[in-house]
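Have a look at the structure below before the remarks.
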Amino acid sequence: MCGIVGYIGYRDAYPILIDGLKRLEYRGYDSAGVALMNGQLELFKKKGKVADLEAHVGSRPHPVRIGMGHTRWATHGEPNDINAHPHVSASGTFALIHNGIIENYAVLRQRLQNHGYSFQSDTDTEVLVQLIDFFYQEGQVTAEEAVRMALSEVVGAYGIIVMCQDEPDQLIVARKSSPIVIGLAEGEYIVASDATPIVAYTKDVIYLNDGEMAILTTEEYTIKTIENVIQQPLLQRIELELEELEKGGYDHFMLKEIMEQPRSIAESLRGRINPETGQVVLGGLVDVQEELRAANRIIFVACGTSWHAGLLAEYLFEEFARVPVEVEYASEFRYRNPIIQKGDVVIAISQSGETADTLAAVEMAKERGALVLGVVNGVGSSIARATHAGVYIHAGPEIGVASTKAFTSQVTVLTLMAGYIGQLKGTLVPGMAEAIAALQAVPDKVAQILDSNALLMDVSARFKSATNFLYLGRGYHFPVALEGALKLKEISYIHAEGYPAAEMKHGPIALIDENMPVVFIATRDESYEKIVSNLQEVVTREGRVIAIVSEGDTTIPELADYVIEVPQTHPAIMPLLTVIPLQLLSYHIAVMRDCNVDQPRNLAKSVTVE
Ligand code: M6R
C-alpha cells in the first residue's frame, strides 16, 4: 500500500510528480522518492514525508518531461533512504517503483545472487528491478520484453512503473492486484495508484485490468496483456472535482470529512427512496433481484471500520429483511475454507475498494459460486469491478486515514439494502417503512449534532491525557462502541476497547476505577433501562462517564460526568447520529495530543497488502 505516480508529456514532470505524491500520501508516508529522465536517470529518495523529499531535492533548474514518484508504506525493510523507492538495477539501466508485495522475492533474490547480482536494500521490490535487468542483459531483448519476462516469474501483487536508461522515451506500467489508473490528456499521460493526481490534468482515464501492461510514449499509449496480447481499453470519465481533494479551510481532512456528513449522507440517499411509495430503489441491484429474492443467507466481508458497518448491517438485515446474516473479517474468511452454499450472497464492504483481504475474499466467494455484491466508495475500484453487482455509497473522496463519512454512508446504504431485500422477499416487518422514512431526516439531524463541537472540545480537554478508554453500547450501539474505540486508538494512540455493555460485568468491569473514562452510548430504545443499570455499575466504581444520550433525557445527566445529546429518531437509525460525537471526540483528543490526525503512525488509508 504505497502510492505511485508517473508522468510523460510536454510539461516539467517534477512538480507534477510532487503534487501527485502529496495527494497519494494517504497511502503511505514512510519515505518518498522520484526518478527523472534527464538524459540519464536521476534519482532522489528520502525517509519521511513528501515534504522531506522536496527539501532534499531543493530547487531544480532543468525541467524534465518524463519521471515517476513513489510514497511508501513499509512492508519489507525498515523505512529509510535506502529502502525508499525508486529502486535501480545494479547496472543502472532500470528504475522501478512498486505498490504491492513480491511473495517469492527470497527465491528470486538467491537466484540473482547466484548470477552475481548484489543488493542494496532489504526490499522485495529491488528483486524485481534486478530480475528485469537480468533478462535484459542476458536475453538481448527490449525493456518491455524484459519486464514481461520478469513478471511471468513473479508471485504476488504489483502495480509498477519502470523506466529504462537505454529506452528513455517511455514508461512501462503493469498491474496485478494493485490498482493503476492512466490519465489521458493531449500530448501527455499521468499514471497513478488512483485518480487523485490525475484530475487536475484530465478526467479521461483507463483503469488497467489485472494482468495488463501499458507502454506510454509522448505520442501514444498501448495496452496489452503481460502475455503480449493487444487489448482494447475501456475509456472512462471520472466524476471527481479538484476541490473535493482539498481541505477546504479545515485544519485536517478528518475534520472536513466529519463536517461534510450532512451532505455525504444526503448523497448516499439521493434518488434511492421513491417519494411517492416510500419504497427503496437501488439501480445497481436490479439485475440480481431474482438471486436476492432467493437468498438464504448473507455474508458480509470487510475490514476495520467497514467491518463495523457490516456488523451493524447484521442487526438491520436480520431485523428488517429477516434473512440470516454472518459478518466476517475478510482476512479470516479467505483463509478458513468457509462453507458457501446455494443461495448465499456475499456482500463486500470497502471504502477504498482496494483492500487486499476484502478483494481476495470477493474472488474466493466468486470461485465458490456465491453471488457477490459490493458496497464501495471508490468508483471503478478493484472491488467494485470484481463484484457481480453493487451499490456505490457516493460519500466522495475520503482522505483522512480515519474513516468517518464513509462509515455513515456505508450504514445509510446498508439500511437501504436491508429495506430493498425485505421488499423483494416480502419479509418486511413493521417498522422498516418508518426506519427508511427516518433516514431522510438524518442529514439535518447530523448537522444539529455537529453544532455540539464546542462541548466535545471541552470533554476532550478533560480526557486528553487518559491512557485507556472503554466504549459500551447495546444492540445497534455495540458496533458504534467498537467504531468509537477504533477511531480513538488509531489517531490518538490511546488504548480503547469497545464492548457490548452487558458484557462489561464478565471481565472489563475489573478495569474500572477513577482513571477509566467510559463512553456509554445510551439513547432511548428498548434496552435503555438495562444500559442505565450498566452505567450505574460504572459510577458506583468511580469510573468517569461520558454519555451519548437522547435529547431531553433527564435520568443519565444525573449520573454521568458529561452528557452529549443527540436528536431521537428510529432506533435502527440512531447509530448514524450517535457515531458523530465519537468521531469529534477522537479528533479533538488527537489534536490536543499533537498527533498527526490525517496520517497516524504506522497506518495507511488503503491496505492493499495482506
Ligand atoms: O477501504 P476499506 O474500507 O476496505 O478499509 C478498511 C480498513 O482498512 C479501514 O476501515 C480502517 O480500519 C480505517 N483506518 C478505520 O478508520
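Just a few scattered comments:
- Remark: for residue pairs Lys22/Lys47; Lys256/Lys445; Lys366/Lys605, the C-alpha separation exceeds 22 Å in Lys366/Lys605.
- The HN-Hα couplings worked out from phi for the stretch 25-34 by the Karplus form 6.51 cos²θ - 1.76 cosθ + 1.60 (θ = phi - 60°) are 4, 4, 7, x, 8, 7, 7, 8, x, 9 Hz, whole numbers, x standing for Gly and Pro.
- The stretch 543-589: C-alpha gyration tensor shape, a/c 1.5 cut-off, then a/b vs b/c: oblate
- Relative packing of peptides 373-386, 536-549, 56-69, 20-33 - highest average C-beta neighbours within 10 Å first: 20-33, 373-386, 536-549, 56-69
- The stretch 390-457: C-alpha gyration tensor shape, a/c 1.5 cut-off, then a/b vs b/c: oblate
- Long-range amide H partners of Lys176 with built H, under 5 Å: Tyr158, Gly159, Gly211
- What the Cα atoms of the stretch 419-530 give is an Rg and a Dmax of 17.3, 52 Å.
- Applying 0.36 nm per residue to the separation of Ala185 and Asp287 and subtracting their alpha-carbon distance, the gain on full extension is 33.3 nm.
- Charge dipole magnitude, Cβ of K and R +1, D and E -1 - the stretch 448-600, Cα centre, debye nearest 20: 280 debye
- Around Ile580: net Lys/Arg minus Asp/Glu count, Cβ-Cβ under 13 Å: -3
- Under the Karplus curve 6.51 cos²θ - 1.76 cosθ + 1.60, θ = phi - 60°, whole-Hz ³J(HN,Hα) for the stretch 268-277, x wherever Gly or Pro sits: 5, 8, 3, x, 10, 10, 5, x, 7, 9
- Ordering of 484-494, 320-330 by burial proxy (mean other Cβ atoms within 10 Å per residue, highest first): 484-494, 320-330
- Accessible area in square angstrom per residue, the chain, 1.4 angstrom probe: 37 Å²
- Stretching His115 away from Thr555 to a fully extended chain increases their span by 150.8 nm, per 0.36 nm per residue minus the current alpha-carbon distance.
- Calculated FRET efficiency for the pair Met592/Asn209, C-beta based, R₀ 41 Å, to 0.05: 0.35
- Cα-projected label distance for Gln279 with Ala294, points at 7 Å along beta-carbon direction, nm: 2.2 nm
- Tensor-based shape of the stretch 247-440 (alpha-carbon gyration tensor, a/c under 1.5 rounded, otherwise prolate or oblate): oblate
- Extension gain from Asn104 to Val539, taking 0.36 nm per residue of separation minus the Cα-Cα distance: 151.1 nm
- The chain, Cα convex hull volume normalised per residue, Å³: 156 Å³
- Arg270 paired with Lys425, simple spin-label distance in nm, labels 7 Å along Cα-to-beta-carbon: 3.1 nm
- Apolar share of the accessible surface for the chain: 48 percent from carbon plus sulfur atoms, 1.4 Å probe.
- A crude spin-label estimate for the pair Glu220 and Tyr335, with each label 7 Å from Cα along the Cβ direction, gives 4.6 nm.
- Scalar couplings 3J(HN,Hα) for the stretch 5-13, obtained by applying the Karplus form with A = 6.51, B = -1.76, C = 1.60 to θ = phi - 60°, are 8, x, 9, 9, x, 9, 8, 6, 5 Hz; x denotes Gly and Pro.
The values are calculated or read from the model by the stated rules, or taken from the named source; none is laboratory data. Keep in mind the model is a prediction, meaning the values are calculated, not measured. Note that each Cβ is placed from the backbone with ideal geometry, even for glycine, and that neighbours are counted across all protein chains shown. Side chains included, ligands, DNA and RNA excluded: accessible areas come from the protein's heavy atoms. Shrake-Rupley method; radii C 1.70, N 1.55, O 1.52, S 1.80 Å.
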